[in-house]
1. Checking SER37 against (1) modelled with pLDDT of 75 or more; (2) surrounded by 14 or more Cβ atoms within 10 Å (Cβ to Cβ); (3) more than 26 Å from SER10 (Cβ to Cβ), only one condition comes out false. Which one?
2. Do any strands (runs of 3 or more DSSP E) entirely within the range 151-255 hold 1 or more residues that are touching a strand residue (DSSP E or B) at 6+ places or on another chain (Cβ under 8 Å), under 30 Å from CYS66 (Cβ atoms) and of a type in the set (A, V, I, L, M, F, W, C), and if so, which?
3. Based on this model, can you work out whether SER100 counts as touching a strand residue (DSSP E or B) at 6+ places or on another chain (Cβ under 7 Å) and modelled with pLDDT under 75?
4. Out of all the residues in the range 249-261, is one or more over 25 Å from THR113 (Cβ atoms), assigned by TED's automatic domain parsing to the domain that holds VAL131, among the hydrophobic types (A, V, I, L, M, F, W, C) and in contact (Cβ under 8 Å) with a residue 24 or more places away in the chain?
5. For the range 40-49, state whether one or more residues are of a type in the set (Lys, Arg) and surrounded by 13 or more Cβ atoms within 10 Å (Cβ to Cβ).
6. Assess whether VAL264 counts as being of a type in the set (Val, Ile, Thr), over 40 Å from the mean Cα position of the chain (by Cα), at pLDDT below 90 and farther than 30 Å from ALA64 by Cβ.
7. Within the range 131-157, which residues are of a type in the set (Gly, Ala, Ser), within 37 Å of the chain's Cα centre (by Cα) and modelled with pLDDT of 70 or more?
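The values are calculated or read from the model by the stated rules, or taken from the named source; none is laboratory data. Please read these numbers as outputs of a predicted model, since none were measured by experiment. Glycine gets a Cβ as well: all are built from the backbone with ideal geometry, and neighbour counts include every protein chain shown.
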Amino acid sequence: MATVLVGEQSEGKSSLRSSGGLPVLDETFHFLVRADSVNEDRVNVLYTAGLPRVNVSVSSYGSAVCRSVDAVRRSDQRKLWDVTATFSSEVTESQGGQDSSEEPTEWVPIYETKFERLQENVTKDTNGDAVANSAGQPFANGIIRSRFIPIWEFYQFESATLTDEQVIERNEVVNSATFKGRPARTLLCTVMSSVVGFYYGRKLRLTRYALRYNKKNWRDKRIDLGTLYLDGGQLKPYLVKGVVVLGGLNGSGGKVATGTKPSVLEFALYEEVAFADFLRI
């Protein structure tokens, strides 16, 4: 027994939809297959030469991979089979390794905006003054403030040659320069996942990023206090009426003038990198 592909039928369907913020192309093709016998094995029909192969064949457009092949025998002509092949560019599942003319590694990602609560140690109030008690003495640890910050999550296609080590270097870093209108050190990039697979008929890396925006920047802030201060390059005890105290400093190691608030120092917590070198959002 044998089967032969008569040809593609006139019916067809094509549609676009969104999945996880990514555009997905779905296509449907119809074929006619003729068998030598009414008792032809159903699997032989599905594997008729010329029919699309699941997870292997790519549609004529080049971005969708065959996901299913369905054959239905005609009741009035039992040697004839109507075959339907569905193609999809869905990226949430692996697909066959066929080359494609598409270039997903140049697409601008679609992002989702979320919010999360951030607790931070505040060393200045909303007027910019250092946090201090009623006598003007600063609190060593400031105060804790809780506020919401925006997060932008998005997927980005990248070359499969991008290594895990390179992806790791992109995790928990801040922008070294203004990026998308946000000042340096105000955006914290984290890598949520990174998968190498076959997408849109090509071997690619699909990486999920998150950008957290902190308008006050991602540096640790401490009130400049000490029991010692610099005077002419020499360390001296910070004395008030003969008693060593934790006193305010001016940011350069010197004592602050009477009635003057101490400086607030900032310390780097994350490595600074150029986001424009790898993010396309």
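1. If we test SER37 against (1) modelled with pLDDT of 75 or more; (2) surrounded by 14 or more Cβ atoms within 10 Å (Cβ to Cβ); (3) more than 26 Å from SER10 (Cβ to Cβ), just (2) comes out false.
2. It comes to 187-199, 202-213.
3. For SER100, the condition - touching a strand residue (DSSP E or B) at 6+ places or on another chain (Cβ under 7 Å) and modelled with pLDDT under 75 - is met.
4. no
5. no
6. For VAL264, the condition - of a type in the set (Val, Ile, Thr), over 40 Å from the mean Cα position of the chain (by Cα), at pLDDT below 90 and farther than 30 Å from ALA64 by Cβ - is not met.
7. SER146, the sole residue that qualifies.
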